[in-house]
1. By average Cβ neighbour count within 10 Å, what is the ranking of 215-224, 44-53 from highest down?
2. As a test of the formula, what do you get for the chain when each DSSP H run with n ≥ 4 contributes -39,500 (n - 2.57) and the sum is divided by the residue count, at 222 nm and rounded to the nearest 500 deg cm²/dmol?
3. What's the magnitude of the charge dipole for the range 232-325 around its Cα centre, counting Lys and Arg as +1 and Asp and Glu as -1 at the beta-carbon? Answer in Debye, nearest 20.
4. GNM on the chain, C-alpha springs below 10 Å: top fluctuator among GLU382, GLU333, GLU54?
5. Can you compute log10 of I(q)/I(0) for the range 182-313 with the Debye formula, treating each Cα as one identical point scatterer, at q = 0.18 Å⁻¹?
6. Once you charge only the Cβ atoms, +1 for Lys and Arg and -1 for Asp and Glu, what is the size of the charge dipole of the range 113-261 about its Cα centre, to the nearest 20 debye?
7. Which angle from 0 to 90°, rounded to the nearest 10, does the C-alpha axis of helix 248-257 make with the longest principal axis of the chain?
8. Accessible area per residue, 1.4 Å probe, Å², for the chain: what's the number?
Amino acid sequence: MAKEGNGQETGVVRGLGDVVAANSRLGCVDGEQGKLWYCGYDAIDLAREGCYEETLYLLLHGKLPAAQQLDALRREMGRQRHIAPALMQLLHSLPGAPTSMEALRTTVSALSATDPSPLDKSRQANLRRAIRIVAQMPTLATAHWRMRQGEQPIPPRDDLSHAANLYYMLHGRVPSEAETRILDMCLILMAEHELNASTFAVRVVASTLSDIYASLTAGIGALNGPLHGAANTEVMKMLLEVDHLGDIDEYVQVALGAKRRIMGFGHRVYKTSDPRAVFLRQALTEMGSQLPGVHWFRLADQIRDVVFKYKQLYPNVDFYAAPALYGLGFPMEMFTSIFACARSAGWGAHVLEQYDDNRLIRPTTCYTGARQQAYVPLAQRERRSSISVGVAVEAAESQPPAA
Ligand code: COA
(Lines give C-alpha, C1' and ligand atoms only; values in the text may rest on other atoms or scores of the structure.)
Protein backbone atom coordinates (compact mmCIF):
# COMPACT_ATOMS: atom_id res chain seq x y z
CA MET A 1 0.00 0.00 0.00
CA ALA A 2 1.37 3.41 -0.98
CA LYS A 3 1.79 5.80 1.91
CA GLU A 4 1.70 9.56 1.91
CA GLY A 5 1.58 12.38 4.40
CA ASN A 6 3.82 14.10 6.85
CA GLY A 7 5.19 10.95 8.41
CA GLN A 8 3.62 11.25 11.82
CA GLU A 9 0.20 10.20 10.55
CA THR A 10 1.59 7.32 8.54
CA GLY A 11 3.88 5.87 11.17
CA VAL A 12 7.23 6.91 9.71
CA VAL A 13 9.88 6.41 12.36
CA ARG A 14 12.57 8.97 11.62
CA GLY A 15 15.99 7.40 11.92
CA LEU A 16 14.29 4.00 12.46
CA GLY A 17 14.66 4.40 16.24
CA ASP A 18 13.21 1.36 18.07
CA VAL A 19 12.30 -0.33 14.78
CA VAL A 20 13.12 -4.04 14.98
CA ALA A 21 14.64 -4.96 11.62
CA ALA A 22 16.43 -8.28 12.15
CA ASN A 23 16.73 -11.31 14.36
CA SER A 24 20.23 -11.58 15.75
CA ARG A 25 22.10 -13.80 18.18
CA LEU A 26 25.15 -11.48 18.13
CA GLY A 27 25.07 -8.19 20.03
CA CYS A 28 22.36 -7.11 22.43
CA VAL A 29 22.18 -3.60 23.86
CA ASP A 30 20.09 -3.06 26.97
CA GLY A 31 19.73 0.70 26.81
CA GLU A 32 17.76 0.98 30.05
CA GLN A 33 20.16 -1.01 32.20
CA GLY A 34 23.31 0.12 30.38
CA LYS A 35 24.42 -3.40 29.45
CA LEU A 36 25.99 -4.84 26.32
CA TRP A 37 26.01 -8.55 25.54
CA TYR A 38 27.95 -10.45 22.87
CA CYS A 39 26.20 -13.78 22.21
CA GLY A 40 24.93 -13.72 25.79
CA TYR A 41 28.27 -12.81 27.39
CA ASP A 42 28.74 -9.45 29.06
CA ALA A 43 31.05 -7.48 26.75
CA ILE A 44 32.65 -5.95 29.83
CA ASP A 45 33.67 -9.41 31.11
CA LEU A 46 35.22 -10.13 27.73
CA ALA A 47 37.10 -6.82 27.84
CA ARG A 48 38.25 -7.47 31.40
CA GLU A 49 39.18 -11.13 31.07
CA GLY A 50 39.29 -12.08 27.41
CA CYS A 51 41.06 -11.05 24.23
CA TYR A 52 40.02 -9.80 20.80
CA GLU A 53 40.65 -13.15 19.09
CA GLU A 54 38.32 -14.88 21.58
CA THR A 55 35.69 -12.22 20.92
CA LEU A 56 36.02 -12.75 17.18
CA TYR A 57 35.62 -16.50 17.61
CA LEU A 58 32.57 -15.98 19.82
CA LEU A 59 30.89 -13.70 17.28
CA LEU A 60 31.63 -15.96 14.34
CA HIS A 61 30.71 -19.25 16.04
CA GLY A 62 28.31 -18.22 18.80
CA LYS A 63 30.38 -19.87 21.54
CA LEU A 64 33.68 -19.27 23.29
CA PRO A 65 36.60 -21.23 21.85
CA ALA A 66 38.46 -24.09 23.53
CA ALA A 67 42.22 -23.53 23.81
CA GLN A 68 42.93 -25.51 20.61
CA GLN A 69 40.29 -23.63 18.65
CA LEU A 70 41.67 -20.30 19.82
CA ASP A 71 45.19 -21.37 18.84
CA ALA A 72 43.98 -22.40 15.41
CA LEU A 73 42.25 -19.02 14.94
CA ARG A 74 45.39 -17.17 16.05
CA ARG A 75 47.52 -19.13 13.58
CA GLU A 76 45.04 -18.51 10.80
CA MET A 77 44.95 -14.77 11.54
CA GLY A 78 48.74 -14.64 11.64
CA ARG A 79 48.93 -16.30 8.21
CA GLN A 80 46.31 -13.98 6.72
CA ARG A 81 47.87 -10.71 7.87
CA HIS A 82 50.06 -10.28 4.81
CA ILE A 83 48.48 -8.51 1.91
CA ALA A 84 49.21 -8.96 -1.79
CA PRO A 85 51.88 -6.65 -3.33
CA ALA A 86 49.24 -5.44 -5.81
CA LEU A 87 47.24 -4.03 -2.88
CA MET A 88 50.32 -2.28 -1.53
CA GLN A 89 50.74 -0.73 -4.95
CA LEU A 90 47.11 0.31 -4.95
CA LEU A 91 47.59 1.99 -1.56
CA HIS A 92 50.63 3.75 -2.93
CA SER A 93 48.93 4.96 -6.08
CA LEU A 94 45.69 6.27 -4.60
CA PRO A 95 45.19 9.74 -6.09
CA GLY A 96 45.16 12.88 -3.95
CA ALA A 97 45.71 12.54 -0.25
CA PRO A 98 43.01 10.11 0.91
CA THR A 99 42.20 10.01 4.58
CA SER A 100 42.82 6.83 6.51
CA MET A 101 39.16 5.80 6.21
CA GLU A 102 39.02 6.60 2.50
CA ALA A 103 42.08 4.44 1.88
CA LEU A 104 40.62 1.65 4.03
CA ARG A 105 37.26 1.80 2.25
CA THR A 106 38.91 1.49 -1.17
CA THR A 107 41.33 -1.26 -0.27
CA VAL A 108 38.84 -3.41 1.66
CA SER A 109 36.73 -3.28 -1.48
CA ALA A 110 39.80 -4.27 -3.52
CA LEU A 111 40.52 -7.26 -1.25
CA SER A 112 37.93 -9.16 -3.30
CA ALA A 113 40.37 -9.10 -6.22
CA THR A 114 42.81 -11.19 -4.19
CA ASP A 115 40.25 -13.64 -2.83
CA PRO A 116 41.78 -17.10 -3.19
CA SER A 117 38.46 -18.78 -4.12
CA PRO A 118 36.10 -16.11 -5.51
CA LEU A 119 33.59 -18.61 -6.91
CA ASP A 120 33.10 -20.47 -3.64
CA LYS A 121 29.89 -19.11 -2.08
CA SER A 122 29.73 -21.65 0.75
CA ARG A 123 29.32 -20.67 4.39
CA GLN A 124 32.77 -22.07 5.13
CA ALA A 125 34.32 -19.85 2.44
CA ASN A 126 32.53 -16.79 3.84
CA LEU A 127 33.73 -17.63 7.32
CA ARG A 128 37.31 -17.78 6.01
CA ARG A 129 36.75 -14.47 4.23
CA ALA A 130 35.48 -12.83 7.42
CA ILE A 131 38.64 -13.89 9.29
CA ARG A 132 40.83 -12.83 6.40
CA ILE A 133 39.32 -9.34 6.28
CA VAL A 134 39.63 -8.90 10.06
CA ALA A 135 43.27 -10.01 9.86
CA GLN A 136 44.13 -7.75 6.90
CA MET A 137 42.43 -4.49 7.79
CA PRO A 138 45.09 -3.43 10.34
CA THR A 139 47.80 -4.14 7.75
CA LEU A 140 46.03 -1.90 5.22
CA ALA A 141 45.35 0.88 7.75
CA THR A 142 48.86 1.02 9.18
CA ALA A 143 50.59 0.63 5.79
CA HIS A 144 48.58 3.54 4.41
CA TRP A 145 49.38 5.73 7.36
CA ARG A 146 53.10 5.02 7.20
CA MET A 147 53.20 5.60 3.43
CA ARG A 148 51.44 8.93 3.98
CA GLN A 149 54.19 9.92 6.37
CA GLY A 150 56.82 8.93 3.76
CA GLU A 151 57.78 5.84 5.75
CA GLN A 152 58.03 2.21 4.72
CA PRO A 153 55.15 -0.04 5.81
CA ILE A 154 56.14 -2.52 8.49
CA PRO A 155 55.25 -6.12 7.58
CA PRO A 156 52.96 -7.89 10.06
CA ARG A 157 54.28 -10.41 12.57
CA ASP A 158 52.41 -13.66 13.02
CA ASP A 159 53.81 -14.28 16.53
CA LEU A 160 51.98 -11.28 18.02
CA SER A 161 48.39 -10.97 19.18
CA HIS A 162 45.99 -9.04 16.95
CA ALA A 163 46.27 -5.94 19.17
CA ALA A 164 50.05 -6.11 19.60
CA ASN A 165 50.57 -6.62 15.86
CA LEU A 166 48.37 -3.63 15.04
CA TYR A 167 50.43 -1.46 17.36
CA TYR A 168 53.70 -2.92 16.06
CA MET A 169 52.86 -2.28 12.39
CA LEU A 170 52.29 1.39 13.15
CA HIS A 171 55.08 2.13 15.59
CA GLY A 172 57.70 -0.50 14.69
CA ARG A 173 57.92 -1.45 18.36
CA VAL A 174 56.27 -4.29 20.23
CA PRO A 175 53.96 -2.68 22.81
CA SER A 176 54.34 -3.21 26.54
CA GLU A 177 51.89 -5.50 28.30
CA ALA A 178 49.87 -2.52 29.57
CA GLU A 179 49.74 -0.92 26.12
CA THR A 180 48.62 -4.20 24.55
CA ARG A 181 45.96 -4.59 27.22
CA ILE A 182 44.48 -1.14 26.66
CA LEU A 183 44.40 -1.56 22.89
CA ASP A 184 42.93 -5.05 23.18
CA MET A 185 40.20 -3.74 25.50
CA CYS A 186 39.35 -0.95 23.06
CA LEU A 187 39.14 -3.44 20.18
CA ILE A 188 36.91 -5.82 22.17
CA LEU A 189 34.57 -3.01 23.24
CA MET A 190 34.26 -1.76 19.65
CA ALA A 191 33.88 -5.22 18.07
CA GLU A 192 30.10 -5.40 17.95
CA HIS A 193 27.12 -3.23 18.74
CA GLU A 194 23.91 -4.73 17.43
CA LEU A 195 22.12 -2.88 14.61
CA ASN A 196 23.99 0.42 14.61
CA ALA A 197 24.12 2.47 11.38
CA SER A 198 27.18 0.77 9.87
CA THR A 199 26.04 -2.75 10.76
CA PHE A 200 22.65 -2.01 9.26
CA ALA A 201 24.40 -0.83 6.08
CA VAL A 202 26.43 -4.07 6.07
CA ARG A 203 23.27 -6.18 6.41
CA VAL A 204 21.37 -4.25 3.75
CA VAL A 205 24.14 -4.97 1.23
CA ALA A 206 24.47 -8.62 2.33
CA SER A 207 20.69 -9.03 1.98
CA THR A 208 20.99 -8.45 -1.77
CA LEU A 209 23.36 -11.46 -1.74
CA SER A 210 26.20 -9.18 -2.70
CA ASP A 211 29.54 -10.39 -1.32
CA ILE A 212 31.16 -9.81 2.06
CA TYR A 213 33.70 -7.32 0.64
CA ALA A 214 30.94 -5.10 -0.73
CA SER A 215 29.06 -5.41 2.57
CA LEU A 216 32.01 -4.35 4.71
CA THR A 217 32.90 -1.57 2.30
CA ALA A 218 29.43 -0.15 2.91
CA GLY A 219 29.99 -0.52 6.65
CA ILE A 220 33.22 1.46 6.47
CA GLY A 221 31.43 4.20 4.52
CA ALA A 222 28.69 4.46 7.15
CA LEU A 223 31.10 4.34 10.08
CA ASN A 224 33.00 7.31 8.71
CA GLY A 225 30.33 9.86 9.62
CA PRO A 226 30.85 12.08 12.69
CA LEU A 227 27.54 10.96 14.19
CA HIS A 228 28.90 7.42 14.22
CA GLY A 229 32.51 6.19 14.15
CA ALA A 230 34.27 9.44 13.33
CA ALA A 231 33.13 10.88 16.67
CA ASN A 232 36.33 9.55 18.28
CA THR A 233 38.53 11.84 16.16
CA GLU A 234 36.23 14.76 16.96
CA VAL A 235 36.49 13.95 20.67
CA MET A 236 40.27 14.20 20.52
CA LYS A 237 40.07 17.50 18.64
CA MET A 238 37.79 18.77 21.41
CA LEU A 239 40.18 17.62 24.15
CA LEU A 240 43.04 19.44 22.45
CA GLU A 241 40.93 22.56 21.95
CA VAL A 242 39.68 22.62 25.54
CA ASP A 243 43.21 22.04 26.80
CA HIS A 244 44.36 25.03 24.78
CA LEU A 245 41.43 27.19 25.86
CA GLY A 246 41.80 26.20 29.50
CA ASP A 247 38.12 26.85 30.33
CA ILE A 248 35.86 23.81 30.14
CA ASP A 249 32.77 25.63 31.33
CA GLU A 250 33.08 28.26 28.63
CA TYR A 251 33.70 25.67 25.91
CA VAL A 252 30.65 23.59 26.84
CA GLN A 253 28.35 26.57 27.31
CA VAL A 254 29.33 28.11 23.97
CA ALA A 255 28.90 24.76 22.17
CA LEU A 256 25.49 24.07 23.71
CA GLY A 257 24.37 27.68 23.23
CA ALA A 258 25.22 27.37 19.54
CA LYS A 259 23.30 24.02 19.42
CA ARG A 260 26.50 22.22 18.50
CA ARG A 261 26.76 18.52 19.34
CA ILE A 262 29.39 17.66 21.88
CA MET A 263 31.16 14.70 20.39
CA GLY A 264 31.42 11.53 22.44
CA PHE A 265 28.14 12.24 24.28
CA GLY A 266 24.66 10.88 23.85
CA HIS A 267 23.46 7.67 22.29
CA ARG A 268 20.43 6.46 20.39
CA VAL A 269 19.94 3.36 22.55
CA TYR A 270 21.58 3.94 25.93
CA LYS A 271 19.32 5.93 28.21
CA THR A 272 21.92 5.68 30.93
CA SER A 273 25.70 5.34 30.91
CA ASP A 274 27.26 3.47 28.00
CA PRO A 275 28.86 0.50 29.82
CA ARG A 276 31.84 0.57 27.46
CA ALA A 277 32.61 4.15 28.47
CA VAL A 278 32.21 3.33 32.16
CA PHE A 279 34.52 0.33 31.95
CA LEU A 280 37.13 2.03 29.76
CA ARG A 281 37.23 5.03 32.07
CA GLN A 282 37.73 2.79 35.07
CA ALA A 283 40.44 0.72 33.31
CA LEU A 284 42.23 3.84 32.12
CA THR A 285 42.10 5.37 35.58
CA GLU A 286 43.56 2.21 37.10
CA MET A 287 46.25 1.79 34.46
CA GLY A 288 46.67 5.47 33.66
CA SER A 289 49.95 5.92 35.45
CA GLN A 290 51.50 3.25 33.19
CA LEU A 291 50.40 5.12 30.06
CA PRO A 292 51.45 8.47 28.66
CA GLY A 293 47.87 9.68 28.05
CA VAL A 294 46.91 10.18 31.70
CA HIS A 295 46.50 13.96 31.29
CA TRP A 296 43.82 13.40 28.63
CA PHE A 297 41.80 10.96 30.74
CA ARG A 298 41.69 13.51 33.57
CA LEU A 299 40.63 16.28 31.22
CA ALA A 300 37.97 13.97 29.75
CA ASP A 301 36.57 13.38 33.24
CA GLN A 302 36.33 17.11 33.86
CA ILE A 303 34.51 17.66 30.55
CA ARG A 304 32.15 14.78 31.37
CA ASP A 305 31.14 16.49 34.63
CA VAL A 306 30.51 19.85 32.98
CA VAL A 307 28.48 18.36 30.11
CA PHE A 308 26.36 16.46 32.61
CA LYS A 309 25.83 19.64 34.64
CA TYR A 310 24.42 21.53 31.65
CA LYS A 311 22.82 18.85 29.46
CA GLN A 312 22.55 15.56 31.44
CA LEU A 313 24.21 13.63 28.62
CA TYR A 314 26.33 10.55 29.31
CA PRO A 315 29.62 9.89 27.53
CA ASN A 316 29.68 7.07 24.99
CA VAL A 317 32.53 4.69 24.16
CA ASP A 318 34.23 7.19 21.82
CA PHE A 319 34.70 9.65 24.61
CA TYR A 320 37.21 7.43 26.40
CA ALA A 321 38.48 5.47 23.37
CA ALA A 322 39.86 8.73 21.96
CA PRO A 323 42.23 9.58 24.85
CA ALA A 324 43.13 5.87 25.14
CA LEU A 325 44.23 5.67 21.50
CA TYR A 326 45.95 9.04 21.72
CA GLY A 327 47.83 7.87 24.80
CA LEU A 328 48.94 4.83 22.81
CA GLY A 329 50.44 7.12 20.20
CA PHE A 330 47.87 6.57 17.44
CA PRO A 331 47.38 9.66 15.28
CA MET A 332 43.84 10.94 15.71
CA GLU A 333 43.26 10.79 11.95
CA MET A 334 43.52 7.00 12.33
CA PHE A 335 41.09 6.58 15.22
CA THR A 336 38.09 5.78 13.05
CA SER A 337 40.11 3.25 11.06
CA ILE A 338 41.07 1.52 14.31
CA PHE A 339 37.36 1.45 15.15
CA ALA A 340 36.64 -0.05 11.70
CA CYS A 341 39.33 -2.70 12.24
CA ALA A 342 37.69 -3.65 15.55
CA ARG A 343 34.12 -3.57 14.21
CA SER A 344 35.04 -5.80 11.24
CA ALA A 345 34.49 -8.74 13.64
CA GLY A 346 30.86 -7.80 14.24
CA TRP A 347 30.28 -6.84 10.60
CA GLY A 348 31.61 -10.18 9.35
CA ALA A 349 29.42 -12.07 11.83
CA HIS A 350 26.36 -10.06 10.75
CA VAL A 351 27.01 -10.87 7.09
CA LEU A 352 27.08 -14.60 7.90
CA GLU A 353 23.95 -14.26 10.00
CA GLN A 354 22.14 -12.37 7.24
CA TYR A 355 23.08 -15.03 4.66
CA ASP A 356 21.91 -17.78 7.04
CA ASP A 357 18.35 -16.45 7.07
CA ASN A 358 18.14 -13.98 4.27
CA ARG A 359 15.31 -11.84 3.06
CA LEU A 360 16.03 -8.78 0.93
CA ILE A 361 15.93 -5.69 3.17
CA ARG A 362 13.71 -3.29 1.33
CA PRO A 363 11.70 -0.83 3.43
CA THR A 364 9.41 1.74 1.93
CA THR A 365 8.97 5.50 2.10
CA CYS A 366 6.17 7.79 2.97
CA TYR A 367 5.84 9.65 -0.33
CA THR A 368 5.80 13.43 0.18
CA GLY A 369 6.41 14.65 -3.38
CA ALA A 370 4.09 16.05 -6.02
CA ARG A 371 1.51 13.90 -7.84
CA GLN A 372 -0.34 13.93 -11.16
CA GLN A 373 2.18 16.19 -12.87
CA ALA A 374 1.48 16.53 -16.61
CA TYR A 375 4.61 15.97 -18.69
CA VAL A 376 5.58 19.03 -20.76
CA PRO A 377 7.98 18.40 -23.67
CA LEU A 378 11.35 20.11 -23.34
CA ALA A 379 10.76 22.61 -26.20
CA GLN A 380 7.53 23.84 -24.59
CA ARG A 381 9.21 24.07 -21.19
CA GLU A 382 11.94 26.25 -22.75
CA ARG A 383 9.35 28.46 -24.38
CA ARG A 384 7.36 28.80 -21.19
CA SER A 385 10.40 29.69 -19.14
CA SER A 386 11.56 32.34 -21.66
CA ILE A 387 8.05 33.85 -21.67
CA SER A 388 7.98 33.98 -17.89
CA VAL A 389 11.49 35.53 -17.82
CA GLY A 390 10.32 38.11 -20.39
CA VAL A 391 7.25 38.93 -18.30
CA ALA A 392 9.45 39.34 -15.23
CA VAL A 393 11.85 41.68 -17.09
CA GLU A 394 8.97 43.77 -18.43
CA ALA A 395 7.45 44.03 -14.97
CA ALA A 396 10.79 45.14 -13.53
CA GLU A 397 11.31 47.73 -16.28
CA SER A 398 7.84 49.20 -15.78
CA GLN A 399 8.63 49.89 -12.11
CA PRO A 400 9.57 53.50 -11.30
CA PRO A 401 13.28 53.86 -10.45
CA ALA A 402 14.09 53.70 -6.75
CA ALA A 403 14.45 57.10 -5.12
N1 COA B 1 25.58 17.09 22.25
C2 COA B 1 24.59 17.96 22.45
N3 COA B 1 23.29 17.62 22.40
C4 COA B 1 23.01 16.34 22.12
C5 COA B 1 23.99 15.38 21.90
C6 COA B 1 25.33 15.81 21.97
N7 COA B 1 26.33 14.94 21.79
N8 COA B 1 23.41 14.19 21.65
C9 COA B 1 22.10 14.39 21.71
N10 COA B 1 21.85 15.68 21.99
C11 COA B 1 20.57 16.31 22.15
C12 COA B 1 19.98 16.76 20.83
O13 COA B 1 20.39 18.05 20.49
C14 COA B 1 18.52 16.69 21.16
O15 COA B 1 18.21 17.77 21.99
P16 COA B 1 16.84 18.57 21.84
O17 COA B 1 15.78 17.52 22.12
O18 COA B 1 16.94 19.64 22.85
O19 COA B 1 16.82 19.04 20.42
C20 COA B 1 18.40 15.44 22.00
O21 COA B 1 19.66 15.31 22.64
C22 COA B 1 18.10 14.17 21.21
O23 COA B 1 19.02 14.07 20.14
P24 COA B 1 18.80 13.16 18.85
O25 COA B 1 19.68 13.65 17.75
O26 COA B 1 17.35 13.01 18.56
O27 COA B 1 19.29 11.78 19.37
P28 COA B 1 19.75 10.62 18.44
O29 COA B 1 19.36 9.38 19.12
O30 COA B 1 19.30 10.79 17.05
O31 COA B 1 21.33 10.84 18.43
C32 COA B 1 23.61 10.54 18.49
C33 COA B 1 22.25 9.94 18.86
C34 COA B 1 24.69 9.55 18.88
C35 COA B 1 23.67 10.78 16.97
C36 COA B 1 23.80 11.89 19.22
O37 COA B 1 23.76 11.67 20.61
C38 COA B 1 25.07 12.60 18.81
O39 COA B 1 25.08 13.30 17.81
N40 COA B 1 26.17 12.42 19.59
C41 COA B 1 27.44 12.99 19.24
C42 COA B 1 28.15 12.11 18.22
C43 COA B 1 28.68 10.86 18.87
O44 COA B 1 29.29 10.89 19.93
N45 COA B 1 28.48 9.76 18.16
C46 COA B 1 28.98 8.45 18.59
C47 COA B 1 27.84 7.60 19.05
S48 COA B 1 28.46 6.10 19.75
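1. 215-224, 44-53
2. Computed mean residue ellipticity for the chain: -18500 deg cm²/dmol.
3. Charge dipole of the range 232-325: 460 debye, to the nearest 20.
4. Result for the chain, Cα springs under 10 Å: GLU382 fluctuates most.
5. -1.11
6. 600
7. Value to nearest ten degrees: 30.
8. It amounts to 50 Å² per residue over the chain.
The values are calculated or read from the model by the stated rules, or taken from the named source; none is laboratory data. All of these numbers come straight from a predicted model, not from anything done at the bench. Note that each Cβ is placed from the backbone with ideal geometry, even for glycine, and that neighbours are counted across all protein chains shown. Side chains included, ligands, DNA and RNA excluded: accessible areas come from the protein's heavy atoms. Shrake-Rupley method; radii C 1.70, N 1.55, O 1.52, S 1.80 Å.
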